[in-house]
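Peer 1: Here it is, the structure in full.
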Amino acid sequence: DTGVSQDPRHKITKRGQNVTFRCDPISEHNRLYWYRQTLGQGPEFLTYFQNEAQLEKSRLLSDRFSAERPKGSFSTLEIQRTEQGDSAMYLCASSDRDFSRSNEQFFGPGTRLTVL
Amino acid sequence: EDQVTQSPEALRLQEGESSSLNCSYTVSGLRGLFWYRQDPGKGPEFLFTLYSAGEEKEKERLKATLTKKESFLHITAPKPEDSATYLCAVQARTNAGKSTFGDGTTLTVKP
């Protein structure tokens, strides 16, 4: 399977706990993106990486959120001291930086987070 | 700030009843406009990219068109398996990393 994969698919946690999600992009893609989606809304941009460099971070991303992409391969998104408002689907996407093509982003299946 | 508005929020069609979904956008220099399909509990699935006004793309029963202010997704003779949420997104020329999404149109096709 050469698509974007995410782990875990579902996470239930108690308020105040830390959680970490993993994303493995399509192997030849050097851009990786994180989005958050709540019910009835479109995905909201959180952050993106080109290789290992984090190039942009949304104002929506509080200090409790941190993302890494060591060695420019997989990425992790950590949420510290979770709050009920963090409950959402966390989506990862990847794209190819080749500017001769469109920058379409290919999404993974998402991680559904529920904070009790 | 880039903005995307999709209408209607929900659309119910009978099988075979053609219709169109609208995506209105404002962006400071369009790099690309994207259409995605999203099934419940899954990530968005890429459908089309449009770059400039007048461009059209087709795939099976779907056809996407683009003007300077909006895009349409035309669905011809839809089938129940076309039921899904259709999302529109834009990227600005100045920021190729970030896509701004609309809230989608949820399409239900009844047999």
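Peer 1: If I take R0 = 35 Å and measure r between the Cβ atoms of B:Ala53 and A:Ser73 in this structure, what FRET efficiency does the formula 1/(1 + (r/R0)^6) give, to the nearest 0.05?
Peer 2: Once the sixth-power term is evaluated, E becomes 0.35.
Peer 1: Work out the P(r) tail for the protein assembly as shown: percent of alpha carbon pairs separated by more than 27 Å, whole number.
Peer 2: Percent of Cα pairs beyond 27 Å in the protein assembly as shown: 33.
Peer 1: Right, something else. Between A and B, buried accessible area summed over both sides at probe 1.4 Å, in Å² to the nearest 100?
Peer 2: Interface area, both chains combined: 1700 Å², rounded to the nearest 100.
Peer 1: Within region B:68-96, list the residues whose amide N lies under 12 Å from a label point set 7 Å along Cα→Cβ of B:Glu17.
Peer 2: Residues B:78 fall inside that zone.
Peer 1: Tell me which trypsin sites (Lys or Arg not before Pro) from region B:32-71 have a DSSP coil assignment and no more than 16 other beta carbons within 10 Å of their own.
Peer 2: Sparse-neighbourhood loop trypsin sites (Lys or Arg not before Pro): B:Lys42, B:Arg61, B:Lys68, B:Lys69.
Peer 1: Moving on to the next point. What full-extension length gain, to one decimal in nm, is calculated for A:Thr38 and A:Glu52 as 0.36 nm per residue of separation minus the Cα-Cα distance?
Peer 2: Value of the extension gain: 2.3 nm.
Peer 1: Using only the alpha-carbon atoms, what does region B:1-68 span along each of its principal axes? Please give whole angstrom values in decreasing order.
Peer 2: Per principal axis, max minus min of the Cα coordinates gives 38, 27, 20 Å.
Peer 1: With Cβ to Cβ distances under 9 Å as the rule, what net charge do the other residues near B:Gly97 carry (K, R +1; D, E -1)? Don't jump to the answer; show the numbers that get you there.
Peer 2: Numbers: positive: A:Arg31, B:Lys98; negative: A:Glu56.
Its environment carries a net charge of +1.
Peer 1: Could you report the protein assembly as shown's accessible area per residue, 1.4 Å probe, as an integer in Å²? Before the final figure, lay out each step's value.
Peer 2: On the way: 11340 Å² over 227 residues.
Dividing the accessible area of the protein assembly as shown by its residue count gives 50 Å².
Peer 1: Step through the residues of region A:80-85 one at a time and calculate ³J(HN,Hα) from phi using the Karplus curve (6.51 cos²θ - 1.76 cosθ + 1.60, θ = phi - 60°), rounding each to whole Hz and writing x for Gly and Pro.
Peer 2: Calculated HN-Hα couplings, in order: 9, 6, 4, 10, 4, x Hz.
The values are calculated or read from the model by the stated rules, or taken from the named source; none is laboratory data. These figures come from a predicted structure and were not determined experimentally. Positions of Cβ are generated from backbone atoms using ideal geometry, with glycine treated the same way; all protein chains shown enter the neighbour counts. Note: accessible area is taken over every heavy atom of the protein model, side chains too, but ligands, DNA and RNA are not part of it. Shrake-Rupley method; radii C 1.70, N 1.55, O 1.52, S 1.80 Å.
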